[in-house]
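> Handing you a structure now.
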Amino acid sequence: MYLDKAKKQEIFGQYGKSTTDTGSAESQIALFTLRIKHLTEHVKIHHKDNVTTRSLTKLVGKRRALLDYLYDRDINRYRAIIKALGLRK
């Protein structure tokens, strides 16, 4: 499995407030980004896998919604997570 419990705690510890902070927007965005990168590599190899392509599209939409939420609430947190993850707007 590409994402185990230890990897999730590492992500939450790095981007969230603690290793158990699973609800903050930053930690969810970081987790979605990791999953998006993994699914993107899968879709590059298996280009006819329409189910995974749809899941990838939905996941990108969820991340975009969280980024929009963060942009509206706190622009500094938004800019920090964009810079930390290397996302482009």
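Each value in this text was obtained by applying a stated rule to the coordinates, not by laboratory testing. No experiment lies behind these values; they were computed from the predicted model shown. Positions of Cβ are generated from backbone atoms using ideal geometry, with glycine treated the same way; all protein chains shown enter the neighbour counts.
> List the number of the failed condition for LYS89; all other conditions in (1) loosely packed, with under 12 Cβ neighbours inside 10 Å; (2) out of contact with any helix residue (DSSP H, G or I) (no Cβ under 7 Å at 6 or more places or on another chain) hold.
LYS89 satisfies every listed condition except (2).
> Return the pair list, or none, for Cβ contacts closer than 8 Å from residues in the range 1-30 that are closer than 18 Å to ARG63 by Cβ and free of Cβ contacts under 8 Å to residues at least 40 places away in the same chain to residues that are surrounded by 12 or more Cβ atoms within 10 Å (Cβ to Cβ) and among the acidic types (Asp, Glu), at least 6 apart or on different chains.
PHE12/ASP21; GLY16/GLU26; SER27/ASP21
> While we're here: Can you list residue pairs whose Cβ atoms sit under 9 Å apart, with the first residue in the range 43-58 being of a type in the set (D, E, K, R) and the second being in a helix (DSSP H, G or I)? Count only pairs 6 or more apart in sequence or on different chains.
ASP49/HIS42; ASP49/VAL43
> Got at least one residue in the range 73-83 being under 18 Å from LEU3 (Cα atoms), out of contact with any strand residue (DSSP E or B) (no Cβ under 7 Å at 6 or more places or on another chain), of a type in the set (Val, Ile, Thr) and touching a residue at least 12 places away in the same chain (Cβ under 8 Å)?
Checking the range 73-83: not a single residue is under 18 Å from LEU3 (Cα atoms), out of contact with any strand residue (DSSP E or B) (no Cβ under 7 Å at 6 or more places or on another chain), of a type in the set (Val, Ile, Thr) and touching a residue at least 12 places away in the same chain (Cβ under 8 Å).
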